[in-house]
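The values are calculated or read from the model by the stated rules, or taken from the named source; none is laboratory data. Source: prediction; values computed, not measured. Methodologically, a virtual Cβ is constructed for each residue, glycine included, from the backbone with ideal geometry; neighbour enumeration extends over all protein chains shown. In case anyone asks, the SASA skips ligands and DNA or RNA and just uses the protein heavy atoms, side chains included. Shrake-Rupley method; radii C 1.70, N 1.55, O 1.52, S 1.80 Å.
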Amino acid sequence: MAADCGVFVDWSQMGDVSHDAAPGKTEYKDLKELKQHARSGQWAKNHSQRSAVYQQLLKALPCRTVTPDAAVYRDIVGNSNSKCNPSAYPLPDFVDGTAVPCYCLKAESVGSVHAVISCIAGQFPDISHCPSLPAVTALLLHWSVDEAQCFESVSRMLACNEPGRHLLDQTFLAYQSACMTFGDLVHKYCPAAHKLMVATATDVLEVYSDWQRWVLGDLPFSFAARVMDIYMVEGYKVLYRVALAILKFYRKQRSAAAGSALTKQDSAAVRSDIQAFVQNIGKSVTPEKLLEKAFSIRLFSRKEITLLQLANEKSLQQKGITVKQKRQNVQLAVNADNFSSEIVSAKEIRDIWSWIPERFALCQPQLLFTTSTHGCSLNRFYSHCEGYEPTLMLIRTTDGEMCGAFLSTDWEERKRGGNKLSFFGTGECFVFRMKPEMERYEWVVIKHPELANASQAADDEQTGKPATDPSHLSPFLSARHFNLNSRNTSMFMAGNIDSIIIGGGEGNALYIDSELNHGRTEQCLTFDNPPLCAESFQIALLEVWGFKDAMAS
């Protein structure tokens, strides 16, 4: 293999990587040692060793019973190596216009990548959207003895059927929900980078939709190969880690270059700027530093990432978004021309929007209710807001103070309690204040995850139900997907004919009377917030905003 693997490679671009040295260790029985070697770059200097390791890893993948192999490729295409004209094998539509990255391959080897992908398209008719395939194929061609072996390697990655594991997104629904999941992870684990995106890009989701291309396509070969080592061993979650690390380094460079002068740009300009940074990342970061940063981020397990992605898939399915559609860019950061509030400016609503769960990025703010138009009546408030989920409430007091709440659940839920004031909602609810500075207060379990187990245990003891243990979930996912019943920590929202309450337990974050005139705010255990404004206040104006589906507009 030492003499044959690398036939597609332009060795003049490969630096000190050896292609003729005898390979070192290539078979591993100890998973811990395998992971350690993958992460430390054990195979980075020996092309033949890396090739042999990859072939062992690929052969070990559990795949569908009928998975096309090298013989299938030879029957269809033949034995050509590096002599294909790319135009003879046009890339299928499902790669979404993604070009084949060079990755130190010979110029003519691009034709081989085209030929392999063309054959993949014929053998995998169920693939409908897979923009990462050109990069993965080009990388695997590096460590293949011929096109047929590369075809078999790619086929095994696509046909992997290990429960709970996938290596490549193969539908638009999976790909788009992964982009939304990445946005959620940036929002939670890279808040400074997310804040930069909100401040500079007109469409944050459009920027985040490039995240897989940063890792598989834009990174220079020496970086991409190191990522591939770990990806082959540890799977899809590695791509998330590396993309988050890339965004952290980009944010650091961008902030240092711009200082405090950050201006809003078209999303295409921000995407191009990030792409240029990633393509030239070697000028400021080594592969070791990138991977060190990636694995220093405390991230979810593979199971938890899967839960998050499933939630986003469900959200897209409910909107009817399952295939790629031609459409206008969606504005996550609200366009000033299309937004008009008597309480907040377009800049302030953009800041609030950055706190909202990423899956609502496909929606636009829609004014549902305002006291200046609809009057000061709780009944009219309900009639205009019912049927919308989630909603955003904004309040301006007669003293000029401003605060509000993001409410995850339809106000119609209050009817389940009859006239009794009963709480409902989920841990995605939060409250905030606007002045003297903007501050968000999330569910207390997010800030103090140890309360999740304690509160659940107390409830189970009272109800006699068998205990459920959410400890395997991160605080973010516990809050997002599970409503942990607790008298003290899960009192999110309540309403009847006399009043509405947001946040309960010992004190209410917001209490508003039936005339939408008088309010109170106190220290609230649910959101761990101080009073959001003067403890007793008069309402000058109250607005409620819904989330309009941009696809329907």
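When you scan segment 28-47, do you find a residue that is farther than 19 Å from Leu291 by Cβ, out of contact with any strand residue (DSSP E or B) (no Cβ under 6 Å at 6 or more places or on another chain) and surrounded by 19 or more Cβ atoms within 10 Å (Cβ to Cβ), even just one?
Yes, the conditions are met somewhere in segment 28-47.
How many residues does segment 502-513 contain that are at pLDDT 95 or above and either open to solvent by 50 Å² or more (accessible area, probe 1.4 Å) or not assigned by the TED database to the domain that holds Cys429 (or both)?
Selection size over segment 502-513: 0.
Given (1) open to solvent by less than 10 Å² (accessible area, probe 1.4 Å); (2) touching a strand residue (DSSP E or B) at 6+ places or on another chain (Cβ under 7 Å), identify the lone condition not met by Val154.
The number of the failed condition is (2).
Can you name every one of the helices (runs of 4 or more DSSP H) wholly within segment 132-222 that holds 2 or more residues which are charged (D, E, K, R) and farther than 30 Å from Gly6 by Cα?
172-189
For Val116, state whether it is open to solvent by 10 Å² or more (accessible area, probe 1.4 Å) and of a type in the set (Val, Ile, Thr).
Spelling it out, it is not the case that Val116 is open to solvent by 10 Å² or more (accessible area, probe 1.4 Å) and of a type in the set (Val, Ile, Thr).
Is it fair to say Val145 is touching a Leu at 6+ places or on another chain (Cβ under 7 Å), in contact (Cβ under 8 Å) with a residue 24 or more places away in the chain and among the β-branched types (Val, Ile, Thr)?
Here the answer is no, as Val145 does not meet what is asked.
Look at segment 406-423 and say how many of its residues are open to solvent by less than 30 Å² (accessible area, probe 1.4 Å), within 30 Å of the chain's Cα centre (by Cα) and of a type outside the set (S, T, N, Q).
Qualifying residue count for the region: 4.
The rows are residues; the columns are (1) open to solvent by 30 Å² or more (accessible area, probe 1.4 Å); (2) modelled with pLDDT of 70 or more; (3) under 26 Å from Ala269 (Cα atoms).
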position	(1), (2), (3)
Ile305	no, yes, no
Ser315	no, yes, no
Gly320	yes, no, no
Lys326	yes, no, yes
Asn329	yes, no, yes
Leu332	no, no, yes
Asn335	yes, no, yes
Val344	no, yes, no
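Please count how many residues of segment 514-550 are open to solvent by 30 Å² or more (accessible area, probe 1.4 Å), under 20 Å from Met491 (Cβ atoms) and not in a loop (DSSP other than H, G, I, E, B).
Total meeting the criteria: 1.
Starting from segment 172-199, take each residue that is at negative phi and of a type in the set (D, E, K, R) and list its partners that are assigned to a helix (DSSP H, G or I) and open to solvent by 10 Å² or more (accessible area, probe 1.4 Å), counting only C-beta distances under 6 angstrom and pairs at least six apart or across chains.
Listed pairs, sorted by first residue: Lys188/Phe476.
Per-residue answers, yes or no, for (1) over 24 Å from Val53 (Cα atoms); (2) in contact with a Lys or Arg (Cβ under 8 Å, 6 or more places away or on another chain); (3) surrounded by 22 or more Cβ atoms within 10 Å (Cβ to Cβ):
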site	(1), (2), (3)
Phe172	yes, yes, no
Ala193	yes, yes, no
Trp211	yes, no, yes
Met228	no, no, yes
Ile246	yes, no, yes
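For (1) aliphatic (A, V, I, L, M); (2) open to solvent by less than 20 Å² (accessible area, probe 1.4 Å); (3) over 31 Å from the mean Cα position of the chain (by Cα), each residue gets a yes or a no:
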| residue | (1), (2), (3) |
| --- | --- |
| Pro86 | no, no, yes |
| Gly111 | no, yes, yes |
| Ile127 | yes, yes, no |
| His142 | no, yes, no |
| Ala148 | yes, yes, yes |
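Can you say whether Ala107 is more than 27 Å from the chain's Cα centre (by Cα), of a type in the set (A, V, I, L, M), in the same structural domain as Ala70 (by the TED database) and outside any loop (DSSP other than H, G, I, E, B), as far as the supplied structure shows?
It is false that Ala107 is more than 27 Å from the chain's Cα centre (by Cα), of a type in the set (A, V, I, L, M), in the same structural domain as Ala70 (by the TED database) and outside any loop (DSSP other than H, G, I, E, B).
Listed here are the residues, each with its yes/no results for (1) more than 35 Å from the chain's Cα centre (by Cα); (2) more than 26 Å from Glu108 (Cβ to Cβ); (3) hydrophobic (A, V, I, L, M, F, W, C).
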| residue | (1), (2), (3) |
| --- | --- |
| Ser18 | yes, no, no |
| Leu31 | no, yes, yes |
| Lys35 | no, yes, no |
| Ala38 | no, yes, yes |
| Gln42 | no, yes, no |
| Arg64 | no, yes, no |
